[in-house]
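Computed from the coordinates by the stated procedures, all read-outs in this text should not be read as laboratory data. Keep in mind that this is a model prediction, so the values were computed, not measured. FYI the Cβ positions are ideal-geometry reconstructions off the backbone, even for glycines, and counts take in every protein chain you see.
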Ligand code: SF4
Ligand code: SF4
Ligand code: FES
């Protein structure tokens with residue numbers, strides 16, 4: 001299903017969508033950063049490079065209640081599962097973040113299904129946006145991704161000048177378009193060309209390139225190399241890289257009481273860069289050094305999830321590099337890994 | 001219809017515990033207690049493999065992984081042996097009979113017990129490492145005909161920390177079963193073995209393992225060794241087994257990585273490409289050799 005959305009119609013679309021769902025899109029915050037927030041039509045930013053923060057927090061919440069408990073007078077305990085059923089439409093999601101959501105969807109499925117995240121995904125419509133312009137840290141093409149990938153989206157949009165080219169990808173997406181058909185216009189024969197044009201110009205503008213796909217299944221060989229120390233020596237273990245990474249899935253679980261008999265069991269994002277993350281009850285710590293923890297972050301993205309799920313869990317969004325207060329660059333690490341791998345193969 | 005079919009998968013929320021009543025609490029050593037948890041209606045049947053663990057919750061305090069020491073189907077109850085080592089276990093130690101505790105599980109792979117049939121089983125445990133192995137020992141006695149001999153090699157810090165004292169007395173009296181105990185340092189009133197538990201698998205030690213060192217070679221070849229204890233302890237055991245060229249695919253260990261969710265999502269237990277909570281906690285020595293040393 002192919003359509004056109006005239007740019008001046010965007011606000012009426014958002015208004016319409018807001019009637020039965022929360023609409024979330026990139027906006028400029030008062031800190032002068034682009035972030036995904038619930039919007040009113042006017043301020044949406046569907047141009048420029050990807051946002052500083054990813055929309056991950058609308059699928060995997062930074063902190064959320066898992067259930068409430070009540071201890072009865074008899075001593076019996078009852079629990080009430082936290083169950084969000086609000087519909088949300090997330091708009092302007094760049095292809096890298098769509099890949100990240102696809103990854104999360106698979107990761108949180110499997111033998112045990114994470115009800116909270118999968119339910120939220122079921123209640124979400126994901127509207128992607130082709131990337132016309134990379135940020136200075138972007139390296140999606142190095143992972144074999146492209147700035148116009150549609151994987152993971154329900155609807156894909158691309159800026160075509162005076163209008164957006166709109167493509168319904170899933171049934172859910174097509175239904176949304178169908179329900180609002182008077183806002184959209186029919187597309188013209190060669191509208192789809194905008195995607196290949198954007199791909200070409202955006203890919204050309206990407207500064208960082210290193211063929212990570214060629215390193216698939218080989219990154220592990222750098223485990224015992226001495227490249228880690230160079231970075232861990234300056235790393236301050238703040239965890240900013242992991243908290244801003246759209247594919248970091250780790251969390252901590254805790255209980256909190258509101259009164260003697262009531263409270264909730266909740267979780268929050270957690271980071272493998274924290275010393276206490278792996279600390280055993282006995283005091284022993286399998287990743288006690290900053291070096292081991294930095295290596296864990298990299299190995300997990302480029303080797304362990306390849307072993308487990310046959311895919312990298314890095315999208316090449318470059319946010320970890322962008323937010324690192326001491327300037328540790330993922331691309332620089334990958335270049336070092338490549339050198340180790342290449343030397344090993346000689 | 002379509003919707004109904006899809007719904008249960010997501011709505012079967014694996015993070016929600018059921019609550020079981022504490023029906024009995026028995027002091028074990030001065031820092032450990034046994035807790036019997038009654039399984040509520042709808043949860044009476046537990047498909048359990050020795051070596052698996054449960055997540056226990058004290059509402060308002062927190063959740064922790066605890067290995068199951070025994071499942072007693074006749075009484076519809078679970079036995080957990082718990083050392084008082086942290087905030088949650090401390091709270092559990094203060095609980096009284098009649099109170100309710102949250103339970104979800106069992107999780108993890110457990111010991112590949114089917115593979116042990118027809119073999120001798122040597123159990124090596126340090127401290128509270130014997131707790132999870134109790135389920136193997138109970139399984140052995142319940143299915144005695146399936147197995148050969150059993151030997152329990154146990155090391156405690158001091159006589160007051162010895163667990164399953166009474167059981168060990170009765171295990172010793174059973175056919176084909178031996179138990180050896182050692183405490184870390186000599187102490188007044190203790191006339192048994194002293195030194196670390198790895199001594200018991202040292203070929204030069206006077207009271208070393210019967211099955212490994214004082215039986216026909218064919219017995220040793222038909223043996224599996226199960227080791228549970230902290231890494232410093234099992235590394236010293238593995239060193240001794242290395243010395244006698246004991247095959248690495250006949251040794252199984254339980255890893256104690258920090259866990260939060262038990263179901264492969266929170267990431268805390270991650271060790272290389274494995275999640276200890278799901279792919280473990282039991283690994284063969286052979287597997288362990290291929291893994292990153294992050295346990
Ligand atoms: S590791 Fe860095 S570049 Fe890769 S997805 Fe995470 S934040 Fe983006
Ligand atoms: S953002 Fe940089 S300094 Fe902070 S933990 Fe990550 S790599 Fe280390
Ligand atoms: S304990 Fe959460 S992933 Fe293993």
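Structural size metrics of chain B, computed from C-alpha coordinates, are Rg and Dmax of 19.6, 73 Å.
Antiparallel beta bridges, as assigned by DSSP with both residues in the protein assembly as shown, represent about 65 percent of the total such bridges. With contacts taken as Cα pairs under 8 Å at a separation of at least 6 residues, segment B:1-116 carries a relative contact order of 33 percent.
Modelled spin-label separation between residue B:187 and residue A:21, with each label point placed 7 Å from Cα along the Cα-to-Cβ direction: 6.5 nm. Taking every residue in A:252-262 and counting other chain Cβ atoms within 10 Å of its Cβ, the average works out to 4. Each peptide in A:142-150, A:286-294, B:235-243 receives the mean, over its residues, of other Cβ atoms within 10 Å, and ordering these scores from highest gives A:142-150, A:286-294, B:235-243.
Rounded if a/c is under 1.5, else prolate if a/b is larger than b/c, else oblate: which is chain A, with a ≥ b ≥ c the root eigenvalues of its Cα gyration tensor? Oblate, because a/c is 1.5 or more while a/b does not exceed b/c. Take each residue of peptide A:263-274, count the partner chain Cβ atoms within 10 Å of its Cβ, and average: the result is 2.
The protection proxy used here, the mean number of other Cβ atoms lying within 10 Å of each residue, ranks peptides A:223-233, B:43-53, A:122-132 as follows, highest first: A:122-132, B:43-53, A:223-233. For the protein assembly as shown, the share of alpha carbon pairs falling in successive 10 Å distance bins from zero is 3, 14, 22, 22, 18, 12, 6, 3, 1, 0 percent. For segment B:18-107, the percent of C-alpha pairs falling in each 10 Å distance bin, counted from 0 to the bin holding the largest distance, reads 18, 58, 24, 1. Share of pairwise Cα-Cα distances greater than 25 Å in segment A:248-346 is 36 percent (whole percent).
The mean sequence separation of alpha-carbon pairs under 8 Å and at least six residues apart, normalised by the residue count of chain A, gives a relative contact order of 20 percent. With contacts taken as Cα pairs under 8 Å and at least 6 residues apart, segment B:49-193 reaches a relative contact order of 23 percent.
Per residue of peptide B:96-103, the mean number of Cβ atoms on other chains within 10 Å of the residue Cβ is 3. Taking one quarter of the surface of the C-alpha convex hull of segment B:113-254 gives a mean projected area of 8.0 nm².
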